[in-house]
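Only the coordinates and a few stated rules stand behind these numbers; no lab work does. Since we're looking at a predicted model, the values are computed, not measured. Cβ sites come from the backbone with ideal geometry, for glycine too, and all protein chains shown count toward neighbours.
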Amino acid sequence: MAEIHWLVYIIIGFFLVLGSWAIDQERLLFFYYVGFIFLLVGIVKFIYTKSKSSEEGQKSRHSKPANMGQRSYNQPVHAAHSKSPNVKYCQACRTASYYFANYCHKCGARLS
Ligand SMILES: [Zn+2]
């Protein structure tokens, strides 16, 4: 749902009130009241979004450590390395060797 900005309401209301007042007070009285309602809606929306944005600001401040945790999760260098199919690990010393190696290049243990 696309929300209309409170400033749009205030601008529309302002022009309706000003326009109807300037052009013809009696004939455009309806538009004058409509503009007044728009102004009120805009002010209410302005207060509502202000209180809402301050709430969201507090929420984002609380969720900052969670975002930092996500960032470290996005860089699982070691995890990605261990998942590589081109590498196998020595049972004795846990050194990574090529998948086709028969013996560990560090300790010489036989690789399964
Ligand atoms: Zn080894």
- Query: Please identify the trypsin sites (Lys or Arg not before Pro) of segment 2-60 that satisfy two criteria: DSSP loop assignment and at most 10 other Cβ atoms within 10 Å. Which are they?
  - Reply: ARG27
- Return a whole-number percent for the relative contact order of segment 6-56, with Cα pairs under 8 Å and 6 or more residues apart as the contact set. 46
- Message: Between segment 92-112 and segment 1-59, how far is it from one alpha carbon centroid to the other, in angstrom?
- Response: 73
- Task: Express in nm, to one decimal, how much length is gained between ARG27 and SER51 on full extension, taking 0.36 nm for each residue of separation and deducting their alpha carbon distance.
- Result: 4.8 nm
- Expressed in nm to one decimal, what extension gain is obtained for the pair SER112 and PHE14 from 0.36 nm per residue of sequence separation less their Cα-Cα distance? 27.3 nm
- Message: For VAL87, what residues show an amide H to amide H distance below 5 Å, using hydrogens built from the backbone and excluding near sequence neighbours?
- Response: TYR99
